Amino acid sequence: MKLACSSSSLHRDIERGELTQLEFLDLCARELACDGVVLDVRHFPRTDVDYLAQVKKMAADRGLTIAALFDASFFVADRAGMEEVLAHAVTLGAPLIAAPLAREVECSWSDQLERIGVATSRAKAFNVTLALRNAPQTFASTTHDCKRVAKEADSAWLRFGPEPARFDAASDPRALAPNIVLLWSDAADSDRAVAPTIDAFDEFRGHLVLDEAHGAATAQQVAVAITAWRKAMLNRT
């Protein structure tokens with residue numbers, strides 16, 4: 001298991017102008033010693049080819065993998081919006097786009113399924129895998145929901161990127177393990193999440209992404225969480 005930090009965990013600082021996206025990359029490489037990063041699409045000041053190339057080069061120079069892009073509205077976007085994000089992922093070399101489904105009050109299941117169909121079709125065309133992220137009150141809030149989505153979408157380009165601690169008590173995240181390509185954990189909840197996640201997914205070789213539910217984490221908070229995860233993983237070897 002490799003460790004990544006999502007820029008969405010530091011959304012408050014980025015939104016206030018206290019941290020730029022490029023400074024976030026430096027922070028992850030130099031202070032947090034992450035293996036990779038997940039870049040929230042909200043945090044790109046520009047998306048022209050020159051800037052995206054700069055981000056990709058800086059990540060490579062710092063030894064960081066761009067594990068994924070995160071787009072909270074990907075599965076409710078129109079085709080053009082989806083293709084724009086997919087194209088950015090290709091330019092950056094990001095193999096995954098992580099996203100939750102719509103909230104159940106926002107649209108019908110049939111409408112959501114139709115958009116999933118468009119999303120998986122375009123993901124296949126761009127050769128970028130979609131990592132479905134669970135979230136309460138969405139069409140993917142439980143492991144049963146996730147299995148239903150996967151069955152009805154019936155696409156190899158739709159995989160799972162769950163945060164195990166956000167499932168309800170009746171869910172078993174291990175049931176999704178064969179198709180999990182990304183894992184998430186809240187940096188503010190590491191003490192509770194580390195041991196059960198490592199026990200359940202000890203064979204997972206992708207990125208575990210540190211996030212914070214309200215985007216209000218501090219660099220120190222993320223650093224403490226990363227230390228806890230690294231210590232726990234070393235104790236497993």
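Pairs from the table (124/147; 2/124; 147/231; 2/56) lying more than 24 angstrom apart at Cα are 2/124; 147/231. 3J(HN,Hα) along segment 117-123: x, 5, 4, 5, 5, 6, 4 Hz, from the Karplus curve 6.51 cos²θ - 1.76 cosθ + 1.60 with θ = phi - 60°, whole Hz, x for Gly and Pro. In the chain, a dipole from Cβ-located charges (positive for Lys and Arg, negative for Asp and Glu) runs towards its positive end, and of 76, 196, 170 it is 196 whose Cα lies farthest in that direction.
Near residue 70, the amide H atoms lying under 5 Å from its own belong to 39, 40, 41, 98; only residues 5 or more places off or on other chains count, and H is placed 1.01 Å from N.
Once the trypsin sites (Lys or Arg not before Pro) in DSSP loops with at most 13 neighbouring Cβ atoms within 10 Å are cut out of the chain, the longest remaining piece is 47-204.
Between residue 91 and residue 137, residue separation times 0.36 nm minus the direct Cα-Cα distance comes to 13.3 nm.
Per-residue 3J(HN,Hα) values for segment 204-215, derived from phi via the Karplus relation 6.51 cos²θ - 1.76 cosθ + 1.60 with θ = phi - 60°, read 6, 10, x, 8, 9, 9, 7, 9, 8, 3, 9, x Hz in sequence order (x marks Gly and Pro).
Looking at the chain as a GNM with Cα springs under 10 Å, which of 32, 158, 208 has the largest mean-square fluctuation? Maximum among the listed residues: 32.
Based on the alpha-carbon gyration tensor of segment 90-162 and its eigenvalue square roots a ≥ b ≥ c, which shape applies: rounded if a/c is under 1.5, prolate if not and a/b is larger than b/c, or oblate?
prolate
Treat the count of other C-beta atoms within 10 Å as a stand-in for reagent exposure and order 211, 189, 168 from fewest to most. Ascending Cβ contact count within 10 Å gives the list 168, 189, 211. Overall, the chain carries a charge dipole of about 560 debye about its Cα centre when +1 sits on the Cβ of Lys and Arg and -1 on the Cβ of Asp and Glu, all other atoms neutral. Among 156, 170, 99, whose mean-square fluctuation peaks in a Gaussian network model of the chain (Cα, cutoff 10 Å)? Of the options given, 170 has the highest mean-square fluctuation.
Here, segment 2-236 is characterised by an Rg to Rh ratio of 0.94, where Rg is the alpha-carbon radius of gyration and Rh the Kirkwood radius.
Report the longest stretch of the chain that contains none of the GluC sites (Glu not before Pro) sitting in a DSSP loop with at most 16 other Cβ atoms within 10 Å.
Working: sites that count: 18, 104, 106, 203.
So the longest stretch without any such site is 107-202.
Think of it as helices only: each DSSP H run of n ≥ 4 in the chain is worth -39500 (n - 2.57), and spread over all residues that comes to -12500 deg cm²/dmol at 222 nm.
Annotation: amide H-H contacts under 5 Å for residue 2 (H modelled 1.01 Å from N, sequence separation of 5 or more, or interchain): 206, 207, 208. Quick note on segment 1-98: its Rg to Rh ratio, both from C-alpha atoms and Rh being the Kirkwood radius, is 0.94.
Note on the chain: GNM, Cα springs under 10 Å; of 214, 88, 11, the largest mean-square fluctuation is that of 214.
Mean sequence separation of contacting Cα pairs (under 8 Å, at least six apart), scaled by the length of segment 2-236, corresponds to a relative contact order of 22 percent.
Each reported figure results from applying straightforward, stated rules to the coordinates on display, with no laboratory input. Just so you know, these numbers come straight off a predicted model, no measurement behind them. Note that each Cβ is placed from the backbone with ideal geometry, even for glycine, and that neighbours are counted across all protein chains shown.
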